[in-house]
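One structure is given here, and the rest of the page talks about it.
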Amino acid sequence: MKKTTLLTSLVFVFALLLSTNVSAQKFAKLDKSPMDAAAFPTNYKDANKSIKIIYSRPQLKGRDLATLAPNGKVWRVGANEAAELTLFSDMKLGDSSVKAGTYTFYLIPNEKEWTAIISTDLNVWGSYFYNEANDVARLSVPVTSGDDLDAFSIVFDEADGAINMHLGWGTTRIAVPFTK
């Protein structure tokens, strides 16, 4: 009787070890364009945010910005999924009023100015399914230049009564003003 119990226990433990190994989760490799978020106010201790954007951060790695975000074509703002913009209160983009909520944020690059677009599209990959009929607001902003920045980046600041979303990649910089 003791031999049977011991043998049964050993078989059970061996089967348990094998089944744990078989069902182990396989994780994908690290994304080359990891997701990031920027918000205002920028202090992480301040939970009372006005605006937040979630986006992926591609890197130039010697590539040309005009190839990755071609002039005159709608760009998803980053990589992978289109950028997701959340306004925590009603705001304005230029003269257009935008209600509090979550939207997709697109850009159309051009040589001297880029067009910022807020769209009701949600959960879209890239800009392949962009539909102009879903635009809530558009604003053209001038292009400036700065130091070379390999990873696409977004930061916020406040100036002249506006919350400015600064976007930079390579030496290209734009600032998109949101007002209340």
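The values are calculated or read from the model by the stated rules, or taken from the named source; none is laboratory data. Just so we're clear, the structure is a prediction, and the values are computed from it rather than from any experiment. Here the Cβ positions follow ideal geometry from the backbone for every residue, glycine too, while neighbour counts run over all protein chains shown. SASA here: full protein model, heavy atoms, side chains in, ligands and nucleic acids out. Shrake-Rupley method; radii C 1.70, N 1.55, O 1.52, S 1.80 Å.
Sorting ASP160, ASP36, ASP121 by solvent-accessible area of protein heavy atoms yields ASP160, ASP36, ASP121, largest first, with a 1.4 Å probe. On a per residue basis, the chain carries 63 Å² of accessible surface, using protein heavy atoms and a 1.4 Å probe. Applying Stokes-Einstein at 10 °C and 1.306 mPa s to the Kirkwood radius of region 131-180, computed over alpha-carbon pairs, gives a translational diffusion coefficient of 130 µm² s⁻¹. Computed from backbone phi with θ = phi - 60° and the Karplus coefficients 6.51, -1.76 and 1.60, the 3J(HN,Hα) list for region 48-54 is 8, 7, 9, 8, 8, 10, 10 Hz; x is used for glycine and proline.
Share of carbon and sulfur in the accessible area of the chain stands at 56%, probe radius 1.4 Å. Compared with the dominant principal axis of the Cα atoms in the chain, helix 2-22 is inclined by about 20°. Give a quick list of chymotrypsin sites (Phe, Trp or Tyr not before Pro) in region 104-166 that DSSP marks as loop, anything other than H, G, I, E or B, with at most 10 other Cβ atoms within 10 Å. Those that pass, being in a loop and sparsely packed, are TYR128. Remark: the ALA47-LYS29 segment gains 3.3 nm on full extension, using 0.36 nm per residue and subtracting the alpha carbon distance. Only lysine pairs 8 or more places apart, or on different chains, with alpha-carbon atoms under 22 angstrom apart are counted in the chain, and they number 12. In this simple spin-label model, placing a label point 7 Å from the Cα along the Cα-to-Cβ direction at both ASN110 and VAL155 gives a separation of 2.8 nm.
Taking 0.36 nm per residue of sequence separation and removing the Cα-Cα distance, the THR144/ALA66 pair yields an extension gain of 26.6 nm.
Using all pairs of distinct alpha-carbon atoms, the Kirkwood hydrodynamic radius of the chain works out to 18.7 angstrom.
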